[in-house]
Amino acid sequence: MKISEQMEVGRCGEYFSVFTLISQGFAAYLTDQGLVYDLVVDVDGVLLKGQVKTTLGASNYGKSKNVCRFGTRRAKKTLRCALIDECDFYAFVSINDKEVAFILTKDLESSKNKGKIKQTLDFSVDDAHLKMKKLSDFSSFSKMIEGIE
């Protein structure tokens, strides 16, 4: 996929995430390019920063069959791992499935690299719905924000 196509897929995921948050009753906004987070959500006067990762849909990756795979590295050229304190949550979007899963950043911390986010996350697909692999019980933003301190 060309870089311009990747950017369009990413932009689609950002808009879908904001749409989902607004439809749940939250005030959500996209941010400018170049920031370490893609969107901001106002929750009772507290601004939460979110990073959006998007894929077109499920694929097979070696032994991992029929999964949506997301990479969390900040910049592909520098291969820099995302840091745990750069944002409050991640939104993982599958365009073809029209699904989004919100997960607290603290629940994505790498067990090998403390203070950094896991570099790759796989979501198994069942009947065209994303199912998280024991990463978190959060599937809607309303439930997720209860875990933010």
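Observations on the model:
- Residue identified as modelled with pLDDT of 85 or more, over 25 Å from Arg11 (Cβ atoms) and either outside any strand (DSSP E or B) or out of contact with any helix residue (DSSP H, G or I) (no Cβ under 8 Å at 6 or more places or on another chain) (or both) among Lys112, Lys131: Lys112
- Residue within the stretch 35-45 that is surrounded by fewer than 20 Cβ atoms within 10 Å (Cβ to Cβ), at positive phi and not small (Gly, Ala, Ser) present: yes
- Considering the conditions (1) within 17 Å of Ile117 (Cα to Cα); (2) at pLDDT 90 or above, Thr78 is excluded by exactly one of them, (2).
- Residue check, Val52 under 17 Å from the mean Cα position of the chain (by Cα), surrounded by 13 or more Cβ atoms within 10 Å (Cβ to Cβ) and modelled with pLDDT of 85 or more: yes
- Qualifying residue in the stretch 15-32 (condition: under 26 Å from Gly115 (Cβ atoms), in contact (Cβ under 8 Å) with a residue 12 or more places away in the chain and buried (at least 16 other Cβ atoms within 10 Å of the Cβ)): yes
- Of all residues making up the stretch 47-74, the number that are touching a residue at least 12 places away in the same chain (Cβ under 8 Å), outside any loop (DSSP other than H, G, I, E, B) and either under 21 Å from Leu21 (Cα atoms) or in contact with an Asp or Glu (Cβ under 9 Å, 6 or more places away or on another chain) (or both): 15
The values are calculated or read from the model by the stated rules, or taken from the named source; none is laboratory data. Only a predicted model underlies this, so the values are computations on that prediction, with no experimental measurement involved. Counting neighbours? That spans all protein chains shown, and the Cβs are built from the backbone with ideal geometry, glycine included.
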